[in-house]
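Structure first, then comments.
Just so it is clear, none of the values below were taken in a lab; they were calculated from the coordinates. Please read all numbers here as calculations on a predicted model, not as lab measurements. Here Cβ is always computed from backbone atoms with ideal geometry, including for glycine, and neighbour counts include all displayed protein chains.
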Amino acid sequence: MVTQCKFCNSPEKSALERKIVAGRITRTEAAARIGANPASVTRHMKNHVSALVRGEIIKSDGALALNVTAQIHETHDDVRAIITRAIRKGNDKLALKAIEVELKTIELAAKLSGQLDERPTLNLLLDARYAQLRETIIEKLMPYPEARLALADALEKITEAESDSKNGAIGVEISEDMVETPR
């Protein structure tokens, strides 16, 4: 007599496969939900769900494939629980380790949400090369007042656009002598 796969016959088969592949539940949790043992769920995932199907599950359901925000929240909740238990039991070493993990989790969440931006920034006004370049361009445009005016307008628009952005202005300063027509 051939034994039928309890997982294959479960009405929750597809949903549970997706959750297992996405890492949202463990095989042990899936086994408990369908009344099977974890080894049978492992066998099912190995023998009845091909790598191709696992790949298609991930592709077809990006939210389940890797829900970073949900994982961060779960990690945060788990770590907070560990910290609370460690403090209650007086295990300072474990509490400090868990706090270290919590700080890394918060840092990752801040990076992903855009609240922490570690990209290098460049303030052109502080760069002597920029000031020298600006002066050289304006000097070379002295014989061409229309071009100098056009450049001044363009630099002013860039300054306005950058000052409105969240990263701050590049700080291009346009003085009257830059746009004056020679007499």
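Under 28 Å Cα to Cα from Lys6, which lysines show up? Leave out anything in the same chain fewer than 8 places away.
Partners within reach: Lys19, Lys46, Lys59.
May I ask you to sort Arg85, Arg18 by Cβ crowding, counting other Cβ atoms within 10 Å and putting the fewest first?
Neighbour counts put them in this order, fewest first: Arg85, Arg18.
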